[in-house]
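J.: Quick one: this structure, given as structure tokens, is what I'll be asking you about.
The values are calculated or read from the model by the stated rules, or taken from the named source; none is laboratory data. Source: prediction; values computed, not measured. With ideal geometry, Cβ positions are generated from the backbone for all residues, glycine too; neighbour counts draw on all protein chains shown.
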């Protein structure tokens, strides 16, 4: 047997959670095929099959925790052939089948004995429930009996005990049926009040810890503004087809806001800084985190050196991150660092919110849904697509004047996108 152990998945990470087993016990898998998804406090990682063979036994089921280096499964290398099956040495032979363990793997003269192969875990479950494993139909490769097959057999055996009662109905008992109807309704209602307890995922625990830390350690304050999205929308509509044809990716709004944020961070470096002890560290680069809703919750992959990236680079990278987040394939290094964050709650319909800073960063920009609203422009009331902007910042190192003018800079750039190219 080859042990499957939790690998080292990143510096300072000592514990993982079993997110999902991708293969079942007894299933044959090819070398390099993913066996299990592991969730860390930063991202998801996968363990692949070390060779062609069988996943013999799962030691850590879904949602359980394991430490780095701990064994979570047993794997048996084997070539894929019609007669290949995982080794059954650990399992005791059934009393009714004395010749099964010594029969040739290629023998086919007695399908009821030699061709029926029972996985060790399935055999143990069958014995615990006083069932003969060989009598249970197998759904695994080559007709192998899996734990799920035994569980189904146990459920079928127990079902008839409760099934006869609904069939005893006579006309003379009509009043009884009528009087017991409320009781049945109450029972159904109580079933709807059931509770389910599941362990908090690693990523969710990390998010909770960091957000509570931000609330306790930083002096958070939020300032608001609104931006007229019509200039950007007109520019996007004019060039989106040519942009897609040339770069192979769609032109979205996030690239405009990422570039606008870079310009504002250049003018007001305190928003791009962090506190380290009694020092303030100013960054002369823009590593902007983009909040993305993934399969396991909110993640914030980082765009590195946005000041050097083109609009196409930004859109392509965000698209790649979104696909990786959807499939829980982001790596820890994708989420590390970051000097500023942009969170777009507008894609979910949020009209206004106060985002929480992602420590040790000092600022986060919140974007919201675009709505047509009446606004005063040049002495007249006009209808424009408007978006509320929110900047939450750490008041320990960012003054109110800096925060307000930072947000005003983003508003000015978005309402006049030519500033991005003219550096005005």
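J.: Can you name the condition, by its number, that residue 386 falls short on among (1) touching a helix residue (DSSP H, G or I) at 6+ places or on another chain (Cβ under 7 Å); (2) within 25 Å of residue 271 (Cα to Cα); (3) modelled with pLDDT of 95 or more?
T.: It fails just one condition, (1).
J.: Is it the case that residue 59 is surrounded by fewer than 15 Cβ atoms within 10 Å (Cβ to Cβ), more than 28 Å from residue 291 (Cβ to Cβ), modelled with pLDDT of 90 or more and not assigned by TED's automatic domain parsing to the domain that holds residue 134?
T.: Values: surrounded by fewer than 15 Cβ atoms within 10 Å (Cβ to Cβ): yes; more than 28 Å from residue 291 (Cβ to Cβ): yes; modelled with pLDDT of 90 or more: yes; not assigned by TED's automatic domain parsing to the domain that holds residue 134: yes.
Yes; evaluated as a whole, the condition is true for this residue.
J.: Given the structure, is residue 372 surrounded by fewer than 17 Cβ atoms within 10 Å (Cβ to Cβ), within 21 Å of residue 288 (Cα to Cα) and out of contact with any helix residue (DSSP H, G or I) (no Cβ under 8 Å at 6 or more places or on another chain)?
T.: Criteria not met by residue 372.
J.: Looking only at the range 311-318, decide whether some residue is in contact with a helix residue (DSSP H, G or I) (Cβ under 9 Å, 6 or more places away or on another chain), outside any strand (DSSP E or B), surrounded by 22 or more Cβ atoms within 10 Å (Cβ to Cβ) and free of Cβ contacts under 8 Å to residues at least 40 places away in the same chain. Before the answer, list the steps.
T.: Of all residues in the range 311-318, those in contact with a helix residue (DSSP H, G or I) (Cβ under 9 Å, 6 or more places away or on another chain) come to 311-316, 318.
When the remaining residues are screened for being outside any strand (DSSP E or B), the result is 311-316, 318.
Adding the requirement that they be surrounded by 22 or more Cβ atoms within 10 Å (Cβ to Cβ) leaves 314-315.
From what is left, the residues that are free of Cβ contacts under 8 Å to residues at least 40 places away in the same chain are none.
No, because not a single residue in the range 311-318 is in contact with a helix residue (DSSP H, G or I) (Cβ under 9 Å, 6 or more places away or on another chain), outside any strand (DSSP E or B), surrounded by 22 or more Cβ atoms within 10 Å (Cβ to Cβ) and free of Cβ contacts under 8 Å to residues at least 40 places away in the same chain.
J.: Now a separate question. Mind checking whether some residue in the range 274-283 is under 23 Å from residue 228 (Cα atoms) and surrounded by 13 or more Cβ atoms within 10 Å (Cβ to Cβ)?
T.: Checking the range 274-283: not a single residue is under 23 Å from residue 228 (Cα atoms) and surrounded by 13 or more Cβ atoms within 10 Å (Cβ to Cβ).
J.: Which condition from (1) crowded, with 21+ Cβ neighbours inside 10 Å; (2) free of Cβ contacts under 8 Å to residues at least 60 places away in the same chain is the one that residue 345 breaks?
T.: Of the numbered conditions (1) crowded, with 21+ Cβ neighbours inside 10 Å; (2) free of Cβ contacts under 8 Å to residues at least 60 places away in the same chain, the odd one out for residue 345 is (1).
J.: Only strands (runs of 3 or more DSSP E) wholly contained in the range 324-424 count here; list those with 3 or more residues that are assigned by TED's automatic domain parsing to the domain that holds residue 267 and closer than 16 Å to residue 231 by Cβ. Don't jump to the end; show me each part of the working.
T.: On the way: elements: 340-344, 363-367, 371-377, 380-394.
Qualifying strands (runs of 3 or more DSSP E): 371-377, 380-394.
J.: If I ask for residues that are crowded, with 18+ Cβ neighbours inside 10 Å and modelled with pLDDT of 85 or more, which ones from the range 28-39 would you list?
T.: Within the range 28-39, 28, 29, 35, 36, 37, 38 meet the criteria.
J.: Next up: Do you know which residues across the range 133-169 are assigned to a loop (DSSP other than H, G, I, E, B) and either within 16 Å of residue 23 (Cα to Cα) or modelled with pLDDT of 75 or more (or both)?
T.: We begin by selecting, within the range 133-169, every residue assigned to a loop (DSSP other than H, G, I, E, B); these are 136-140, 144, 146, 163-164, 168-169.
Residues satisfying the conditions are 136, 137, 138, 139, 140, 144, 146.
J.: Here's another thing I want to ask about it. Please count how many residues of the range 208-223 are more than 20 Å from residue 277 (Cβ to Cβ) and either out of contact with any strand residue (DSSP E or B) (no Cβ under 7 Å at 6 or more places or on another chain) or not assigned by TED's automatic domain parsing to the domain that holds residue 276 (or both).
T.: So the count comes out to 5.
J.: Which members of the range 367-399 meet the condition of being within 30 Å of the chain's Cα centre (by Cα), in contact (Cβ under 8 Å) with a residue 60 or more places away in the chain and within 18 Å of residue 414 (Cα to Cα)?
T.: 367, 370, 387, 388, 389, 390, 391
J.: Something else now. Find the residue count for the range 319-333, including only residues that are within 30 Å of residue 282 (Cα to Cα) and surrounded by fewer than 20 Cβ atoms within 10 Å (Cβ to Cβ).
T.: Going through the range 319-333 one residue at a time, the tally reaches 6.
J.: Taking the criterion of being out of contact with any strand residue (DSSP E or B) (no Cβ under 8 Å at 6 or more places or on another chain), buried (at least 16 other Cβ atoms within 10 Å of the Cβ), within 20 Å of residue 200 (Cβ to Cβ) and touching a residue at least 40 places away in the same chain (Cβ under 8 Å), would at least one residue in the range 3-18 satisfy it?
T.: Here is the first cut: in the range 3-18, the residues out of contact with any strand residue (DSSP E or B) (no Cβ under 8 Å at 6 or more places or on another chain) are 8, 10-13.
Checking which are buried (at least 16 other Cβ atoms within 10 Å of the Cβ) leaves us with 10, 13.
After this cut, where a residue has to be within 20 Å of residue 200 (Cβ to Cβ) as well, the list is 10, 13.
In the following step, the residues that additionally are touching a residue at least 40 places away in the same chain (Cβ under 8 Å) were identified as 10, 13.
Yes, because at least one residue in the range 3-18 is out of contact with any strand residue (DSSP E or B) (no Cβ under 8 Å at 6 or more places or on another chain), buried (at least 16 other Cβ atoms within 10 Å of the Cβ), within 20 Å of residue 200 (Cβ to Cβ) and touching a residue at least 40 places away in the same chain (Cβ under 8 Å).
J.: Right, another one. With the checklist (1) outside any helix (DSSP H, G or I); (2) free of Cβ contacts under 8 Å to residues at least 12 places away in the same chain in hand, flag the one item residue 216 doesn't pass.
T.: With (1) outside any helix (DSSP H, G or I); (2) free of Cβ contacts under 8 Å to residues at least 12 places away in the same chain applied to residue 216, the lone miss is (1).
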